[in-house]
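What follows is a single structure, written as structure tokens, with notes after it.
The values are calculated or read from the model by the stated rules, or taken from the named source; none is laboratory data. In this text, all values refer to a predicted model and were calculated from it rather than measured experimentally. Cβ: placed from backbone, ideal geometry, glycine included. Neighbour counts: every protein chain shown.
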Amino acid sequence: MNEKEKERHKRYMRQWRKDHVESVKASKKKWKEENPDKVKKDRENWKNKNKDKMLLYKRRHMRKWRENYPEKAKEYEKSCYEKYHEKILHGVKLYRQKNPQRTRAHKRIWYLLVTNQIKKPTRCSCCGIPGNLDGHHENYDRQDCVIWLCKKCHFYLHRKPDPGQRVVEEGKEEG
Ligand SMILES: [Zn+2]
Ligand SMILES: [Zn+2]
């Protein structure tokens, strides 16, 4: 096909589509029905490429919905809160059931802190960086022996598979 023919074909197709709007629509619909996975993928791709647009659209949609159905919106927010709240409580309960020793040890730290028997340092015992520190127990049988670590060091310490590998510099221990 040369350029002229291509152009003519294009024009022809354009006209054909105009003349057969309904059948084009129907065939598109049919294709969509036959290829739900592809449609889904296309939609996901579009969403990923237009995240800002999607966010705006969602916000606008929610605002309108809230304005139109204030009672429903209130109910929805309440149900969300209840669901979320219950999930957190359930998670905490599970954690406590799974880790009774740890829970007891953490309670002990909390008790020692509020009764001023120990003081939380401002710097991580491992790397020395100041911040919000976690109390860590090397041994849950010695509940009063707490090491204060930053989130990063604490995470790293718990990630080590063999407790024998854990190295905590002596003399830097607190409590
Ligand atoms: Zn640290
Ligand atoms: Zn720990």
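Okay, here's what the table says:
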| item | result |
| --- | --- |
| Scan of region 95-118 for residues that are more than 14 Å from ligand 2 (Cβ to nearest atom), surrounded by 13 or more Cβ atoms within 10 Å (Cβ to Cβ) and among the aliphatic types (A, V, I, L, M), ordered by number | Leu112, Leu113, Ile118 |
| Filter result for the condition that a residue is exposed (fewer than 11 other Cβ atoms within 10 Å of the Cβ) and modelled with pLDDT of 90 or more, over Glu86, Glu34, Glu3 | Glu34 |
| Hey, Glu170 surrounded by fewer than 10 Cβ atoms within 10 Å (Cβ to Cβ), over 27 Å from the mean Cα position of the chain (by Cα) and either assigned to a helix (DSSP H, G or I) or modelled with pLDDT under 85 (or both) or not | yes |
| Total residues in region 119-142, condition among the charged types (D, E, K, R), within 14 Å of ligand 2 (Cβ to nearest atom) and assigned to a loop (DSSP other than H, G, I, E, B) | 2 |
